[in-house]
Amino acid sequence: MVITDKERVSERVDKAAIRESLRGMCRKLVVVPFDRAVVDGDRIDLDMLQEETRQAYMEIAAAVISTYR
């Protein structure tokens, strides 16, 4: 499961509680941090991604690939 973080979220949203509840429902949970390089939903320039975002996308790819072993 993938959670894509937003720049702004209501203060009523408990992100940690959401992550913890979802973690028990899926094999792998990856949180993609907010990154201005992908905010437009256009083509992604990988060189413009934050390191944390790049790492999250790699974790997603590894989780998908691991299901085919």
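The values are calculated or read from the model by the stated rules, or taken from the named source; none is laboratory data. Keep in mind the model is a prediction, meaning the values are calculated, not measured. Please note: Cβ atoms are built from the backbone with ideal geometry, for glycine as well, and neighbour counts cover all protein chains shown.
When each of Ala63, Ala37 is tested for being out of contact with any helix residue (DSSP H, G or I) (no Cβ under 7 Å at 6 or more places or on another chain) and modelled with pLDDT of 90 or more, the lone residue that passes is Ala63. Residues that are among the basic types (Lys, Arg), in a loop (DSSP other than H, G, I, E, B) and surrounded by fewer than 12 Cβ atoms within 10 Å (Cβ to Cβ) within the range 8-65 comprise Arg8, Arg12, Arg27, Arg43, listed in sequence order. Within the range 21-34, residues that are farther than 16 Å from Met58 by Cα have Cβ atoms under 7 Å from residues that are among the hydrophobic types (A, V, I, L, M, F, W, C) in these pairs: Leu22/Met1; Leu22/Leu29; Arg23/Leu29; Cys26/Met1, counting only partners at least 6 apart in sequence or on another chain.
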